[in-house]
1. In nm, to one decimal, how far is the GLU161 label point from the ASP73 one, both placed 7 Å along Cα→Cβ?
2. If R0 is 30 Å, what FRET efficiency do you get for ILE181 and LYS210 from their C-beta distance, rounded to 0.05?
3. Among the aspartates and glutamates, which have Cα under 18 Å from the Cα of LYS52 when same-chain residues fewer than 8 positions away are ignored?
4. Could you list ASP61, ASP86, ASP73 so that the one with the fewest beta carbons within 10 Å of its beta carbon is first and the one with the most is last?
5. Out of ASP56, ASP172, ASP38, any idea which swings most in a Gaussian network model of the chain, alpha carbons joined below 10 Å?
6. If every alpha-carbon in the chain counts as one equal scatterer, what log10 I(q)/I(0) does Debye give at q = 0.09, 0.12 1/Å?
7. Percent relative contact order of the chain, based on C-alpha pairs within less than 8 angstrom and at least six residues apart?
8. Evaluate E = 1/(1 + (r/R0)^6) for VAL49 and THR109, where r is the Cβ-Cβ distance and R0 equals 35 Å; express this FRET efficiency to the nearest 0.05.
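Every read-out reported here was derived from the displayed coordinates using simple, explicitly stated rules and does not represent laboratory data. Fair warning: this is a prediction, and the values are worked out from it, not measured in the lab. Please note: Cβ atoms are built from the backbone with ideal geometry, for glycine as well, and neighbour counts cover all protein chains shown.
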Amino acid sequence: MGSRDSNEVGIGSRLITDMVAGFYSRFIPLYVKGKLLDLGCGSVPLFHVYRKYVNDITCVDWENTIHKNKFLDFECDITKKLIFKDGEFDTIILSDVLEHIPNPEFLWTEMARILSPNGIIIINVPFLYWIHEKPYDYFRFTEFALRHYVNTSNLKLLQLEAIGGFPELMADLFGKFFQYIPLVGKILSISIQTITKIFIQTNLGNRLSKKSKPTFPLGYFLIVQK
């Protein structure tokens, strides 16, 4: 489950945050290893999940981040050549970062360069999702764009999954709208997301979510190997 601290996660983003957290909780134990780079780490929300699977952690973010982090190891512009050596990291985490990079092709090239042989990159990106962290929100990527970046970086795609479908999308949109209604907005936002979370666990809700994911994804989660 994602954070319930409204300073970290807005009330209208709880459902998608929970889904993303679920993906990382599911796959980090299977793939994370060795020396890890949390790239664009923000406030390092995944630290408690991956720390026991690695022997070294490096947290990096850029100076314009709105998520101040006292545990930051390096502050650098991740849109430019990274300061690390070739093949330095066994695992790279890139969570909700790629859409904020004005030249994503270059970052893919850099990640491939600093990744060790057989190393793993774990990434999530939004798709049908509101503009955030203005003015540093540049792109939304389809699954086809993500596959293209993997192939052109000479990497191998191990896993690509859509995050949510039509029910989750509508809950996210209404949750973000309702939260601004005076007096009752926060309760309405939490309620619609909670009801949707219960609904998609039913047979009907699960089928509707799965059937609509290819067309109406909230985002994507992928695992890539060098």
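1. 2.7 nm
2. Numbers: r = 31 Å, r/R0 = 1.04.
Efficiency computed from Cβ-Cβ geometry: 0.45.
3. ASP38, ASP90
4. Details: ASP61 23, ASP86 9, ASP73 13.
Least to most surrounded, the residues fall as ASP86, ASP73, ASP61.
5. With Cα springs under 10 Å in the chain, the top fluctuation among ASP56, ASP172, ASP38 is at ASP56.
6. Reported log10 I(q)/I(0), two decimals: -0.37, -0.66.
7. Details: 423 pairs, mean separation 50.4, N = 226.
In percent, rounded to a whole number, it is 22.
8. Details: r = 27 Å, r/R0 = 0.78.
Taking R0 as 35 Å, the efficiency between VAL49 and THR109 is 0.80.
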